[in-house]
Each structure stands twice: as structure tokens, then as C-alpha cells.
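Undergrad: Here's a structure for you.
The values are calculated or read from the model by the stated rules, or taken from the named source; none is laboratory data. Fair warning: this is a prediction, and the values are worked out from it, not measured in the lab. Please note: Cβ atoms are built from the backbone with ideal geometry, for glycine as well, and neighbour counts cover all protein chains shown. Heads up: the accessible areas ignore ligands, DNA and RNA and are worked out on the full protein's heavy atoms, side chains in. Shrake-Rupley method; radii C 1.70, N 1.55, O 1.52, S 1.80 Å.
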Amino acid sequence: MTTQSKKRRSGATPKGRQVDPSALSQVRDALGAQPRERALLIEHLHTLQDRFGHLSTAHLVALASEMRLAMAEVYEVATFYAHFDVVDQGTAPPPAVTVRICDSLTCCMLGADKVYEETQARLSSQDVRVVRAPCMGACDTAPAAAIGHTLIEHADAEALVAAVGTGANRPIKAKALDAYRAEGGYDLLEKCLAGGVSADAVIQALDGSGLRGLGGAGFPTARKWSIVRDQPGPKAVAVNADEGEPGTFKDREFLETDPHRMLEGAMIGAWVVGASDVYIYLRDEYPEARHVLEAEIPNIEAAGIAPHVKLHLRRGAGAYICGEESAMIESIEGKRGLPRHRPPYVAQVGLFGRPTLVNNVETLFWVRDIVEKGAAWFADQGQDGHPGPRTYSVSGRVKNPGVKIAPSGTTVRQLIEDYCGGMADGHAFKAYLPGGPSGGILPASMGDLPLDFGQLEKYGSFVGSHAVVILSTQDSVKDAALNLMRFFAHESCGQCTPCRVGTEKAADLMADGNWDTALLTELSTAMRDTSICGLGQAASNPITSVMTYFSEDL
């Protein structure tokens, strides 16, 4: 063996990709004084994506070196999330402008496919990328699209072409700190911290109100707070603001109008359970809400309102699975959003190994009013046997879609007639999704069932996050179910085979047109019984509901 070959074998440089000094300098400049903590990996990826428009391999290598992480660890996180554009060496970066057009159910019902085709044709000669994207949380203004991070409501090709390059965010009118305090905001929190209201009194009020988790699972709020309170410290609170279920947009409404009410609820929760940190996990499709929180959280800190807790804002990156609480916690920790096996539950071992109280935006939004006005004030707003009001996201074939606050137990027929102005002109009520894709599809003949927890399960359905999508006789339930299954296939985290393979196989079988009901039934059972988390377990609900209630359409 020659001396030269020996030198090559010994390795003049470390194995693996080498750090480009120029890329490292750019990464350091972009990150500035931000801590290089492992948990901030996704935040740092966002910083680089926002600065350069994509994530080059050279920047990922430099980031890994700067954060003292393995390159594989950085790369797997960057490629897991849909909103990160990873560009390998030698590959051209994406165009400077990306137009995303929602292809979820409501938007497709209202013409998103045509918008996509026309926009792509009109912008094909420009340095613009036009892509399909999952739900953007704007189903009430469908078809929805986004240019960069700017939401375009009621989108059509002409509006999108005109809006390319403007970069302006959609204007919103969120209540700022001073306005909120002028209406008595944070008085309750101050009383709690001063000893004027006890933690037991808060839990008792929540218990008497019947408040439940309103992100989908419906777990009694008082019981959850009590469980976390009884755990040893240190503890944390995680606010789930990652409503990614197609048809759901209620949390966006709360965050864009009255964000401090949710923040006060979260900080009261932290005080009750003894948590020192509140992490708010916000979906990346809500940039306007993010700008509001980025402005208001420092105002809270400067005012000294919450000396007992530190507020942290974390930005999602386009992954529906992170609406599942343990996947969200993994993402807050800077990892891929893979659901955890349970037990232990996050109330015992959650964020950074701490017992963690997880609540969604709407649940926390009601805390202040329940404690100040009394449990009966909240409970009495519901119909018999259904305590409290509910926030329904209603979209589809109705005249006036939007966020509707109605008594718990309200039926879909009442929502259509009393809250949405009836069906859209020329449309007759045929079917509805009572709780987004996971809740399946029910026929209009079942339109008088109360939309509340525990009422629809015997029909193979559930209300979940109360995302109600209305279909008419002009819509195909088979096409709707296929749209929903393709969404699940796209959003599966890939951790477990039944969900990863099952959703793709189901979509292929459904796209064939002539459904093999025996095979789809067998596949649905396997997915439901063996998937790790709720995505795979509920993904087959649209299939089974169509086969059960719409056999004439098969």
C-alpha cells in the first residue's frame, strides 16, 4: 500500500459532510443571540427558512455544527415538516414565491381544483411555485390559499395573480393588553396570586360548569387539572393551538380577536397545577395570530402580570399529527412530531419529562368567565343534559358559514337554519361531517341528533372539535370520503405500519371507483385496532360511514 493511499484511508477530515465556513457564518448571523438549545431546533429552522426561502444542505450542516447535534438529527426534523423546503446539494432552490391552494374538503367543494389549475396556468411563466396544501383553517372563507404566509380568502386565480409579491398580512383586530385590562382582564389572575381565590375554588367552578377539553377528546377539565396538580414538580402547561382538523377554525377566531382571555386561562391553569412554564404551540398557518402573540407576550412580562410563570411561543411547521398531544410535545421539544406510546400519559411524563397540563385554546378561553360568573352561568347555556355553550366551526353548503357559538347539544339542522341562514341557494341538505374527517359522514336523516360528546359514538361518529361541514345533494359522499382519506394519508407521521400503509392503500382502493367493501372493511378494522394514535384509529371512519349510511351511492 502506497503512502498516498494510507493518507487517504487515515482521513484528512472528519467523516460526514464538512461545514462550509460561509454557510456557518450565515447561520450564526441569522440566529444572532438566540440560544442554541436542542429544543429550539424547529424555531431555528424557521429562522433559516424565513431568511433564505429554503433550507440548503450546507445550512443544515452548519446548523448541526452550531447546535452540536448530529446531522441526521437535524435532517430528519427538517424533512418531517411540510413547511420546510430542504434543498440538497446540486439541486436548484424553490422559486422565491410559493402559492399554496387548500385542497381539503370544503375548499374543493367550493372550487379549489379549478383555482389551482387556473393559477398554475397563469403563473407558469413566472418564478412562482403553485402547490396544493392541506387545510389552512379558513374553511369559512373557502376556497382558501396562501402566498408565503399571507392568507387569501375567497381565492380565485385573478386575486392570487394580483396578490403575488405584495407580502401584506391579512388585517385583524385583536384586543390588546390595555383594552383587555380595561374590561377587567387579569383581575382574576391577580386575585389568585394574591390569595383571594383558592386553587380548590377554581377547580370546583370548572367541575360544576361541566367544561371539557374542546380540542376533540372532551376530557373533563377539572379532572385533568386535578390529576396534574397532584403530580410532583416541576411541571408545565402546553396550549394546543394547532387545530389542523379540516373544517376547524374556531381557535383562529379566539386568537385573532381576544387572545388575552386564553392567555389568562393558561396562566391560571399554571398557578392551579403549580407549573412554572406555559408553552403555546401555534400552527404555522396562523401567522397573524403569531404576530399578535409575539407582541402581547412581552407586554404581559413587562407589566409584571404573571411573575409565577414564563410564557413560551412555539411555531408549528405544517404537521396535522402535532394536534395529538404527545406529538405536539415532541415538536415543542424540537423533534419530529411522533405520537408517544402510553402509558405514561403526558399528565405524568410530558414536556421535558415534566407532568404537563395540556388544554386547547377554546377550553382555556372559558376559564375566566366560569370562575368570575359562576359554574351555573356556563352550564345553563347548554340544552338539557348538555352543559355549556359550544363553538361550532360551520362550513360547506350554507349561506353564512363561520364560527357559531350555540348551546351544547344543538343539532346540525338547527345550526343550518338558526345560525347559518339556511342552505346555500340551489342546494339541498344531504349529509354532514359532525366532527371533521375523523368524525365520519352522517346523512341528513340524522340531522336532529345533538352535537355533543357521547351522543354520536353509537352511530360510529363523534363531534371531536365540533368542525361541521355541510354537504348537499350536488356533492358526492364517495368523493368527499376519498378527499378525507387522502388527507390522512398525507398527514400520517409514518411511525406505525397500519396507518402509514393503510391510509395510502385505502385511498388507492377508493379512487378505483368501485369500492371493494369487504377489503375496505378488513383494512378499516386493522387500522382502527392496531394504529398507535387517533389519526390511524379514526381515519377509516369516513369509509365505514359511507358504507353504512350511503350504500345507494356505492
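Undergrad: Between residues in the range 424-448 that are more than 16 Å from ASP475 (Cα to Cα) and residues that are open to solvent by 40 Å² or more (accessible area, probe 1.4 Å) and among the charged types (D, E, K, R), which pairs lie under 6 Å by C-beta distance while being six or more apart or on different chains?
TA: Note: pairs meeting the criteria are GLY447/ARG413; ASP448/ARG413.
Undergrad: Quick one: which helices (runs of 4 or more DSSP H) lie wholly within the range 38-99 and hold at least 3 residues that are more than 16 Å from ASP20 (Cα to Cα)?
TA: Numbers: elements: 41-52, 57-67, 71-80.
Output list reads 41-52, 71-80.
Undergrad: Another question about this same structure. Taking the range 272-285 only, how many residues are touching a Leu at 6+ places or on another chain (Cβ under 7 Å) and more than 18 Å from GLY233 (Cβ to Cβ)?
TA: 2
Undergrad: Would you check which residues across the range 247-282 are open to solvent by 10 Å² or more (accessible area, probe 1.4 Å) and either free of Cβ contacts under 8 Å to residues at least 12 places away in the same chain or not in a helix (DSSP H, G or I) (or both) and list them?
TA: If the condition is that a residue be open to solvent by 10 Å² or more (accessible area, probe 1.4 Å) and either free of Cβ contacts under 8 Å to residues at least 12 places away in the same chain or not in a helix (DSSP H, G or I) (or both), then ASP258, GLY274, SER276, ASP277, TYR279 are the ones that fit.
Undergrad: Please enumerate the residues belonging to the range 38-83 that are buried (at least 20 other Cβ atoms within 10 Å of the Cβ), closer than 23 Å to ILE147 by Cβ and in contact with a helix residue (DSSP H, G or I) (Cβ under 6 Å, 6 or more places away or on another chain).
TA: Those that are buried (at least 20 other Cβ atoms within 10 Å of the Cβ), closer than 23 Å to ILE147 by Cβ and in contact with a helix residue (DSSP H, G or I) (Cβ under 6 Å, 6 or more places away or on another chain): LEU45, LEU48, LEU55, ALA78.
Undergrad: Here are the criteria: (1) among the β-branched types (Val, Ile, Thr); (2) open to solvent by 10 Å² or more (accessible area, probe 1.4 Å); (3) more than 30 Å from ILE329 (Cβ to Cβ); (4) in contact with a Lys or Arg (Cβ under 8 Å, 6 or more places away or on another chain). Tell me which single one ILE405 does not satisfy.
TA: Only one criterion in (1) among the β-branched types (Val, Ile, Thr); (2) open to solvent by 10 Å² or more (accessible area, probe 1.4 Å); (3) more than 30 Å from ILE329 (Cβ to Cβ); (4) in contact with a Lys or Arg (Cβ under 8 Å, 6 or more places away or on another chain) is unmet by ILE405, namely (3).
Undergrad: Looking only at the range 218-234, filter to residues that are touching a strand residue (DSSP E or B) at 6+ places or on another chain (Cβ under 7 Å) and in a loop (DSSP other than H, G, I, E, B); which one of those is modelled with the lowest pLDDT?
TA: The qualifying residue modelled with the lowest pLDDT is GLY218.
Undergrad: In addition: In the range 516-554, which residues are open to solvent by less than 30 Å² (accessible area, probe 1.4 Å) and in a loop (DSSP other than H, G, I, E, B)?
TA: Answer for the range 516-554, where residues must be open to solvent by less than 30 Å² (accessible area, probe 1.4 Å) and in a loop (DSSP other than H, G, I, E, B): SER531, CYS533, ALA539, SER540, PHE550.
Undergrad: I'd like the residue in the range 348-364 that is open to solvent by 20 Å² or more (accessible area, probe 1.4 Å) and touching a helix residue (DSSP H, G or I) at 6+ places or on another chain (Cβ under 9 Å) and, out of all such residues, is nearest to GLN414 (Cα to Cα). Step through it out loud before you land on a result.
TA: We begin by selecting, within the range 348-364, every residue open to solvent by 20 Å² or more (accessible area, probe 1.4 Å); these are 348-349, 352-354.
Remaining after also requiring touching a helix residue (DSSP H, G or I) at 6+ places or on another chain (Cβ under 9 Å): 348, 352.
Values: GLN348: 41, PHE352: 44 Å.
Residue satisfying both the conditions and the ranking: GLN348.
Undergrad: Can you tell me which of ASP207, ASP140 is open to solvent by 60 Å² or more (accessible area, probe 1.4 Å) and in contact (Cβ under 8 Å) with a residue 40 or more places away in the chain?
TA: Selected residue: ASP207, the only one of ASP207, ASP140 that is open to solvent by 60 Å² or more (accessible area, probe 1.4 Å) and in contact (Cβ under 8 Å) with a residue 40 or more places away in the chain.
Undergrad: Determine whether SER472 is farther than 30 Å from ILE405 by Cα, at pLDDT 95 or above and of a type in the set (S, T, N, Q).
TA: It is false that SER472 is farther than 30 Å from ILE405 by Cα, at pLDDT 95 or above and of a type in the set (S, T, N, Q).
Undergrad: While we're on this one: Specify the residue that is nearest to VAL469 (Cα to Cα); the eligible residues are those in the range 408-424 that are assigned to a loop (DSSP other than H, G, I, E, B) and open to solvent by 20 Å² or more (accessible area, probe 1.4 Å).
TA: So in the range 408-424, the residues assigned to a loop (DSSP other than H, G, I, E, B) come out as 408-410, 420-422, 424.
When the remaining residues are screened for being open to solvent by 20 Å² or more (accessible area, probe 1.4 Å), the result is 421, 424.
Values: GLY421: 15, ALA424: 13 Å.
Applying the filter and picking the extreme gives ALA424.
Undergrad: On to the next question. Hey, can you tell me all the residues within the range 119-137 that are open to solvent by 40 Å² or more (accessible area, probe 1.4 Å) and assigned to a helix (DSSP H, G or I)?
TA: The answer is GLN120, ALA121, ARG122.
Undergrad: For SER461, indicate whether it is in a loop (DSSP other than H, G, I, E, B), touching a Ser or Thr at 6+ places or on another chain (Cβ under 8 Å) and of a type in the set (S, T, N, Q). Can you show your working first?
TA: Numbers: in a loop (DSSP other than H, G, I, E, B): yes; touching a Ser or Thr at 6+ places or on another chain (Cβ under 8 Å): yes; of a type in the set (S, T, N, Q): yes.
Against the criterion (in a loop (DSSP other than H, G, I, E, B), touching a Ser or Thr at 6+ places or on another chain (Cβ under 8 Å) and of a type in the set (S, T, N, Q)), SER461 qualifies.
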